[in-house]
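Trainee: Starting off with a structure, shown below.
The values are calculated or read from the model by the stated rules, or taken from the named source; none is laboratory data. Since we're looking at a predicted model, the values are computed, not measured. Here the Cβ is made from the backbone with ideal geometry for all residues, glycine too, and neighbour counts use every protein chain on show. All accessible areas refer to the heavy atoms of the entire protein, side chains included, with ligands and DNA or RNA removed. Shrake-Rupley method; radii C 1.70, N 1.55, O 1.52, S 1.80 Å.
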Amino acid sequence: MKKDLFVAAALLLSLSGVAGAQNLKPITQEKATRLVKTLSADDMQGRASFTPGGEKAADFIAAEFRKTKLKPLPGSDSFKQTFKVFRVTPHELEVKLNGQKVATENIFASTNYKELEWEANTDERRIIPIPESENARDAMMHIFRMQEDAIVLVHPKHAETFANYKRYLTRGGIVQETGKGASKVFILTDQASLQNYDIEIENKIEELQLTNVVGMIEGKRKDEFVVFSGHYDHIGTHKPIDGDTIANGADDDASGTTAMMLLADFYQKQRKPERTILFVAFAAEEIGGFGSRHFSQQFNPDQIVAMFNIEMVGKPSQFGLNSAYLTGFEKSNLGELMQKRLQGTTYSIHPDPYPKQNLFYRSDNATLARLGVPAHTISSVQIDKDETYHTVNDEFEMLDMAHLTSMIKGIALGSYDIVFGKETPTRVDKAQVQ
């Protein structure tokens, strides 16, 4: 009799982990509503980087992490991971070609140096013509990615494309560091070659701060990490509609940040996980992904087992309620593992149905994927039809809260076996990631 009782008790204990995985009671629509409403409220001012609204959002997320009783990263007493970036703004730019001064409106530069002085009789630089017959936009994008200095001679036929890039670059850009990397000077001219040139550039350099918010649940394996993330920044103010100028960013990405915070609460209420879990609210996704770049530099990427980045999950997908898609589905088997775990449930995960939108590279997962991490974004927005994206109409009232809540539950179930060490996704082939 005692033996039978012992076997029954052991069986009950062995099933308790499975039952715990199915216990989704900590994830409620009421909690999700409070979080997403707060993050997308007008008093957050659109959560733009370097603004009081963005700082207020970071403070709110840190306070939620404290309530959830997450731990800061080892060696830190704060959930805030603050780091420096630099704004580089053009101040002076003078170019002479073959002794003739070029009009200011026909010049722009891409550089993070405070000063540049180039002359034809000093170090050689590549001279790259973009002739009348070439696709100027494609050529410029290729040149921007080049890791060498260049002077680019753009045919006047491409004046409109040239002007668009000039307008963007002369506003000033954010960089992680200054005084390094390749510089390019673009000149609108009918010349296709140069014998002589004289270029002088002076930029204004401004040091700024950005802040990720990072919390942790320590697992049994302290050197294996599973990341849940969303970016908390948005675009601030935008073109007014009916007098409203605040781009609240309810779906983009208060919804994903809310999901990340409720997943922290869910996993905190489970037994001790096998792998250490990191919960991250990234800064500055909208202006170049600087938050995820800094975060990725704090860890050995080989120790990050998986990254579940969550972006725009507040509206039903084309696959219906309780469903989402995974960007870059084919780049690892993370999506297949989630599908396997969700079999027999009401939740489903699908390959990205919008490959032409290049969504895999448009969120914070891409930074870690380039390092080999199985890092993907979970989303449900019908991006080809969504009319509120980056507008002042991306407000709480546009969200389907029942769907958002179900998405959080689906991610909790789909990630469970990876968090508890039963499954390990394949790595991303770095050679196959841009």
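Trainee: Check whether at least one residue in segment 395-416 is touching a Lys or Arg at 6+ places or on another chain (Cβ under 9 Å), without any contact (Cβ under 8 Å) to a residue 40 or more places away in the chain and open to solvent by 20 Å² or more (accessible area, probe 1.4 Å), and report yes or no.
Mentor: No - not one qualifying residue is present in segment 395-416.
Trainee: Let me ask something else. Does any residue of segment 119-127 turn out to be buried (at least 17 other Cβ atoms within 10 Å of the Cβ) and either of a type in the set (S, T, N, Q) or at pLDDT 90 or above (or both)?
Mentor: Scanning segment 119-127 turns up no residue that is buried (at least 17 other Cβ atoms within 10 Å of the Cβ) and either of a type in the set (S, T, N, Q) or at pLDDT 90 or above (or both).
Trainee: Give the residue that is most open to solvent (accessible area, probe 1.4 Å), with candidates limited to residues of segment 280-303 that are more than 14 Å from the chain's Cα centre (by Cα) and of a type outside the set (S, T, N, Q). Even if it seems obvious, please write down each step before you answer.
Mentor: Start the filter on segment 280-303 by keeping residues that are more than 14 Å from the chain's Cα centre (by Cα), which leaves 297-303.
Okay, now just the ones that are also of a type outside the set (S, T, N, Q), so 299, 301-302.
On the way: Phe299: 37, Pro301: 33, Asp302: 113 Å².
Looking at the filtered set, the residue picked out is Asp302.
Trainee: Sticking with this structure for a sec: If you take the residues in segment 412-434 that are under 20 Å from the mean Cα position of the chain (by Cα) and not charged (D, E, K, R), which one is farthest from Arg362 (Cα to Cα)? Reasoning before the result, please.
Mentor: Quick first cut of segment 412-434, residues under 20 Å from the mean Cα position of the chain (by Cα) only: 415, 427-430, 432-434.
Filter again for not charged (D, E, K, R), leaving 415, 428, 432-434.
Working: Ser415: 22, Val428: 17, Gln432: 16, Val433: 13, Gln434: 12 Å.
Among them, the one singled out is Ser415.
Trainee: So Asn98 ticks every box in (1) open to solvent by 70 Å² or more (accessible area, probe 1.4 Å); (2) more than 19 Å from Thr170 (Cα to Cα); (3) out of contact with any Asp or Glu (no Cβ under 9 Å at 6 or more places or on another chain) but one. Which box is left unticked?
Mentor: The one condition Asn98 does not meet is (1).
Trainee: While we're on this one: So which of Asn309, Asn322, Asn333 is open to solvent by 30 Å² or more (accessible area, probe 1.4 Å) and in contact with a helix residue (DSSP H, G or I) (Cβ under 6 Å, 6 or more places away or on another chain)?
Mentor: Details: Asn309 fails: open to solvent by 30 Å² or more (accessible area, probe 1.4 Å); Asn333 fails: in contact with a helix residue (DSSP H, G or I) (Cβ under 6 Å, 6 or more places away or on another chain).
After ruling out the rest, the residue left standing is Asn322.
Trainee: Further question: Give segment 101-118 a look and list any residue that's open to solvent by less than 80 Å² (accessible area, probe 1.4 Å) and of a type outside the set (Ser, Thr, Tyr), or say none.
Mentor: Restricting attention to segment 101-118, the residues satisfying the condition of being open to solvent by less than 80 Å² (accessible area, probe 1.4 Å) are 102-103, 106-113, 116, 118.
Selection gives Val102, Ala103, Asn106, Ile107, Phe108, Ala109, Asn112, Leu116, Trp118.
Trainee: Of the conditions (1) in contact with a helix residue (DSSP H, G or I) (Cβ under 6 Å, 6 or more places away or on another chain); (2) within 17 Å of Lys430 (Cα to Cα); (3) not in a loop (DSSP other than H, G, I, E, B), Ala281 satisfies every one except a single condition; which number is it?
Mentor: (2)
Trainee: If you go through segment 358-372 one residue at a time, do you hit one that is aromatic (Phe, Trp, Tyr), under 13 Å from the mean Cα position of the chain (by Cα) and closer than 19 Å to Asn212 by Cα?
Mentor: So far as segment 358-372 goes, no, none of its residues is aromatic (Phe, Trp, Tyr), under 13 Å from the mean Cα position of the chain (by Cα) and closer than 19 Å to Asn212 by Cα.
Trainee: OK, next. Taking Ser380, is it modelled with pLDDT of 95 or more, farther than 18 Å from Val280 by Cα, small (Gly, Ala, Ser) and open to solvent by less than 10 Å² (accessible area, probe 1.4 Å)? It would help to see each step written out before you state the result.
Mentor: Details: modelled with pLDDT of 95 or more: yes; farther than 18 Å from Val280 by Cα: yes; small (Gly, Ala, Ser): yes; open to solvent by less than 10 Å² (accessible area, probe 1.4 Å): yes.
When the stated conditions are applied, Ser380 passes them.
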